[in-house]
Amino acid sequence: MDAIDATLPPPVNYLNAQHGIKSWLLTRDHKRIALLYLFGITFFFVLGGIFAALIRLELLTPAGDLMEAETYNKMFTLHGVIMIFFFLIPSIPATLGNFLVPIMIGAKDLAFPRINLLSWYIYMVGGLFTIAVIVLGGVDTGWTFYTPYSTAASNTHVVLTGLGVFITGFSSILTGLNFIVTIHRMRAPGMTWFRLPLFIWSHYATALIMVLGTPVIAITVLLVAAERVLHLGLFDPKLGGDPVLFQHLFWFYSHPAVYIMILPAMGVISELVAAFSRKAIFGYNFVAFASLAIALIGFLVWGHHMFVSSQSVYAGLVFSFLSFLVAIPSAVKVFNWTATMYKGSISFQAPIMYVFGFMGLFLVGGLTGLFLASVGLDVHVHDTYFVVAHFHYIMVGGAIMGFQGGLHYWWPKIFGRKYPEGWAKLAALVIFVGFNLTFFPQFLLGYLGMPRRYYAYPPEFQVLNIMSTAGASVLAIGYLIPAIYFAWSLKYGELAEANPWGAKGLEWTIPSPPPTYNFEETPVITEPPYNYTPEFVASVTAASRPEVELG
Amino acid sequence: MFNNFPLFPREASSVAGQVDALYFLLLAISGFFAVTISLTIVAFAVKYRRRHALEVGAKIHGSTALEILWSAVPLAIVMGIFVWSSVIFIRISRPPRDAMDIYVVGKQWMWKIQHPDGRREINELHVPVGQPVRLTLASEDVIHDFFVPAFRVKADVVPGRFTTLWFEATKPGRYHFFCAQYCGTEHSGMIGWVDAMTPEDFQAWLAGGAGESLASSGEKLFQELSCNSCHRPDSQGRGPVLDGIYGRPVALEGGGQVIADDSYIRESIVDPQARTVAGYQPIMPTYQGLVTEEGLLQLVAYIKSLGTTGQPTPTPGAPTATDTPHPTPK
Ligand code: HEM
Ligand SMILES: [Cu+2]
Ligand SMILES: [Cu+2]
């Protein structure tokens, strides 16, 4: 290619500014740290995925034949622990969030670049504990660590696993703090709160939960370790403790934690819907405040995981009521995204396919949340495959679809290369189909009464389980395709312009990949977000593709 | 495999139909919203697809009226669902007064069931149809959960306390019950069958293997553990007289009172100092670890059986046990 082509990336960018492994391991650049995290979470996603595959294989037949019951229990525990604590919680915030939060507000970096790097190391140390657990023989408590099973009965590596979760929690807290301070203090001139992209609002809400909630889970797993090792009577009734107390502490964090997983994805969706409709988000303020409302109300509904735990009837009713309330802001977001498309200019490029996928799956996940919030109905479906299906629709169908949409959208910015569009669309379709085939049958299984965490099951559940396992193989292919073309694109992908989508947002005003300090000079913001005008589109299209005919 | 391929669970209890009705309503509402929103998205995507490279969307920023509308309408709908599901939940949570008692102990990894007149079974539960049954659930070790899909009910079985679950079977038949709370290696093996029988068959079944009644097993334990050295019927002992206390209020040292229900009796045995009866010294030793959960249930049954014979300080109009069927967690 021609060396003076205007579309070439600037000779020096954050990727090639420095070389060598040391330059990565000691970097303070938020963009490089984002890539370190991307490496970490990809590793754990593959690991968690392998466990998932083994679970689905075992469930192909009613009898337990592939592995021992105890091994199976370790599989689903490790799958859950890894996917929740080492993949989903850091996924969007630590990668796309790390990369984009400073750029989107016009800053050179996060407020505390060293702490940002530290958070990655903490995350990796926590991850090493988890890998040690796998090497040493696993853990079988379920990711929920219910007492007194975890403190008195299990003879697996509960303490080590707990320490891993404890440690990695600090990386979440540090990331959250960093985001909060950055968003408060480092916005460029003119970047008022209501000119922030919605991605920032949702990360702000996420950061609040990380900072307020994570200490509770950290303390809770420490208490489990304390009871296990020192026999303090906290949760085990034989020692004078209360097992249900554990559940309150656990879900006080772990319900809000589900919003740590979905809010950032909602932020991604807002950006993508606006960009591919070339239109301002409908009801910006409502979408922004919905994030905060979710973060706050989300702290008040933990008891909906405990409707049959022997919690009082009144508590059950109150938590049911609050759970219905928390559904409203999510619904408001969906309505606003839909309305944004009204009279938009919608282009069908790869990222929006993931947005459509997200919408379909998140709708099902959110609506089935209403089934579970209905306390009289939850008595039946609690702890069955219905719940498993529900949270996979939200967390895989919602959070991961959103993450992938974001990856496809910002990939050219992050790496300065494009991936093959056709393959990306195909992958979105394969994932959507595979996902539904895997998890829809689980709603039926759950209502039929198949409990979760079952290694063997009565034969009448087999057909639906076979469908689910078949779907899982399709899904696996769906995830494999992007892995291949993304890797391919790093070397062979077409070079990306600064603004390949013709999108608004500060990140598209700087080169792809961006230079180390993002902006040559601090931008001054003079307009609201998503301010699409024909002149703007003409200017970016002309700049990036001189050959395109205007008019 | 394909000849036994249900897609919907059987409805075999008095609440199953109500739960299913709510389920179908939710399916209808969810289906409506899912389809409407999806179709709207598809329609917008097609109608407003980009027609030339420089096109932008219309300048629309929102509408407060619409926001209020699409917050208020869903809110109204979910509040309706909330009320309905709460009504069902309250029904599921409150056993009727005439419920028949059966005692269930879960342990890793089996269910032991005792009928009041002494018949015992393992991983099988025989019940009559048309008669409310109240299960009192106890666990020897970790948390389990007693779940009968065909009846649409479940309850956690929590160590250190009694929990209850009630249902009224409506159709004779055999129905799965499952342990629904993960409890270790053989969690998925902790399953069994509910055998719902006509009342006549049930009576015949009960008569077939009746052993010693629970109350008389409890009485034996009461003597073996020397409870009777302090709790004597003649009110000369160092502990309160137990005759007739079941279901009655008990005045506590330091003020307040408590209804002597299953949970209170259980607590008084394993953790006597938690609440001391007014006028007595906190001298009773704990029996924690000395009595199994089954033993505790037998002792409760024994004390309950004294209720009708003893002459306690009668409190006219005092609520009976069925008014407070919910063991209050401490
Ligand atoms: C529309 C809003 C939602 C409502 C009303 C709702 C309701 C519920 C309820 C009541 C349960 C407990 C069910 C049971 O254990 O019996 C539950 C479980 C769960 N939900 Fe949601 N949910 C909603 C959205 C979400 C979102 C956004 C996420 C995640 C991003 C999520 C993730 C989960 C997870 C992980 C569990 C199961 C945890 C476990 O037992 O392992 N939910 N949901
Ligand atoms: Cu929750
Ligand atoms: Cu179990």
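Taken one residue at a time, the phi angles of the range A:475-491 give Karplus couplings (6.51, -1.76, 1.60, θ = phi - 60°) of 4, 4, 5, x, 7, 6, 4, x, 4, 6, 6, 5, 4, 4, 5, 4, 9 Hz. Gly and Pro are set to x.
Computed with every protein chain present, the accessible area of A:ILE217 is close to 10 Å² [probe 1.4 Å]. Each peptide in A:261-269, A:20-28, A:97-105 receives the mean, over its residues, of other Cβ atoms within 10 Å, and ordering these scores from highest gives A:261-269, A:97-105, A:20-28.
Each Lys and Arg contributes +1 and each Asp and Glu -1, all at the Cβ; summed about the Cα centre of the protein assembly as shown, the dipole is approximately 2220 debye.
Looking at the square roots a ≥ b ≥ c of the eigenvalues of the Cα gyration tensor of the range B:93-172, which shape do they give, rounded for a/c under 1.5, prolate if a/b is larger than b/c, or oblate? Judged from the Cα gyration tensor, the range B:93-172 comes out prolate (a/c at least 1.5, a/b above b/c).
Counting only protein heavy atoms and a 1.4 Å probe, the range A:2-548 has 32 square angstrom of accessible area per residue. If a/c stays under 1.5 just call it rounded; otherwise compare a/b with b/c (prolate if a/b is bigger, oblate if not). Do that for the range B:214-305, with a ≥ b ≥ c from the square roots of the Cα gyration tensor eigenvalues. Taking the square roots of the gyration eigenvalues as a ≥ b ≥ c, the range B:214-305 is rounded.
Once both labels are positioned 7 Å from their Cα atoms along Cα-to-Cβ, the gap between B:LEU66 and B:ARG49 label points is 2.3 nm. Its relative contact order, with pairs defined as Cα atoms under 8 Å and 6+ residues apart, puts the range B:214-305 at 37 percent. Ordering B:SER63, B:VAL83, B:LEU299 by Cα displacement along the dipole of chain B toward the positive end leaves B:SER63 in first place; charges were set at the Cβ atoms of Lys, Arg (+1) and Asp, Glu (-1). The B:ALA28 and A:VAL12 beta-carbon pair, evaluated with R₀ = 56 Å, returns a calculated FRET efficiency of approximately 0.40.
Contact residues in the range B:20-52 by the 40 Å² criterion (accessible area, 1.4 Å probe, full protein complex versus chain alone): B:TYR23, B:LEU26, B:SER30, B:ILE37, B:ILE41, B:PHE44, B:ALA45, B:TYR48, B:ARG50. Accessible area ranking (1.4 Å probe, heavy atoms, ligands and nucleic acids excluded), largest first, for A:ARG185, B:ARG97, B:ARG120, A:ARG228: A:ARG185, B:ARG97, B:ARG120, A:ARG228.
Cα centroid separation, the range B:100-134 to the range A:133-211: 44 Å. In this structure, the amide hydrogen of A:THR384, modeled 1.01 Å from its nitrogen in the peptide plane, lies closer than 5 angstrom to those of A:ARG452, counting only residues at least 5 positions away or on a different chain.
The dipole here belongs to the range B:214-305: it is taken about the Cα centre, uses +1 on the Cβ of Lys and Arg and -1 on the Cβ of Asp and Glu, and is about 200 debye.
Peptide B:142-149 has a mean shielding of 6, counted as Cβ atoms of other protein chains within 10 Å of each residue's Cβ.
Taking amide H atoms as placed 1.01 Å from N in the peptide plane, the amide H of A:ARG417 lies under 5 Å from those of A:ALA496, each 5 or more residues away in sequence or on another chain. Computed on protein heavy atoms with a 1.4 Å probe, the accessible areas place B:PHE33, B:PHE8 in the order B:PHE8, B:PHE33, largest first.
Reducing the range A:341-397 and the range B:21-38 to their Cα centroids gives an inter-centroid distance of 13 Å. Put simply, what bits of the range A:333-369 lose 40 Å² or more of accessible area when the other protein chains are there, versus the chain on its own (1.4 Å probe)? Listed in order, they are A:PHE335, A:THR338, A:MET341, A:TYR342, A:LYS343, A:SER345, A:ILE346, A:PHE348, A:LEU363, A:LEU367.
Ordered from largest to smallest accessible area (heavy atoms of protein chains, 1.4 Å probe), the residues B:LYS171, A:LYS74 come out as B:LYS171, A:LYS74. Cα centroids of the range A:268-317 and the range A:36-77: 30 Å apart. Once the Cα atoms are used to define both axes, helix B:64-93 deviates from the longest principal axis of chain B by about 30 degrees. Considering only alpha-carbon pairs that sit under 8 angstrom and 6 or more positions apart, the relative contact order computed for chain A is 19 percent.
Per residue of A:67-74, other chain Cβ atoms within 10 Å of the residue Cβ number 3 on average.
Inverting the pair-averaged 1/r between distinct Cα atoms of the protein assembly as shown gives 29.4 Å as its Kirkwood hydrodynamic radius. Pairs of Cα atoms nearer than 8 Å and 6+ residues apart set the relative contact order; for chain B it is 16 percent. Between A:LEU66 and B:GLU124, the FRET efficiency estimated from the beta carbon spacing at R0 = 35 angstrom works out to 0.75. Phi angles of the range A:437-443 translate, via the Karplus equation with coefficients 6.51, -1.76, 1.60 and θ = phi - 60°, into HN-Hα couplings of 5, 6, 9, 4, x, 5, 4 Hz per residue; Gly and Pro are given as x.
For peptide B:160-167, the mean count of partner chain Cβ atoms within 10 Å of a residue's Cβ comes to 3. When the surface is traced with a 1.4 Å probe over the full set of protein chains, B:VAL241 keeps roughly 40 Å² accessible.
The values are calculated or read from the model by the stated rules, or taken from the named source; none is laboratory data. The model shown is predicted, which means the values in this text are computed figures rather than measured ones. All Cβ positions, glycine included, derive from the backbone under ideal geometry; neighbour counts span all protein chains shown. The protein model used for the area step is the full one, side chains on, heavy atoms only, and it has no ligands, DNA or RNA in it. Shrake-Rupley method; radii C 1.70, N 1.55, O 1.52, S 1.80 Å.
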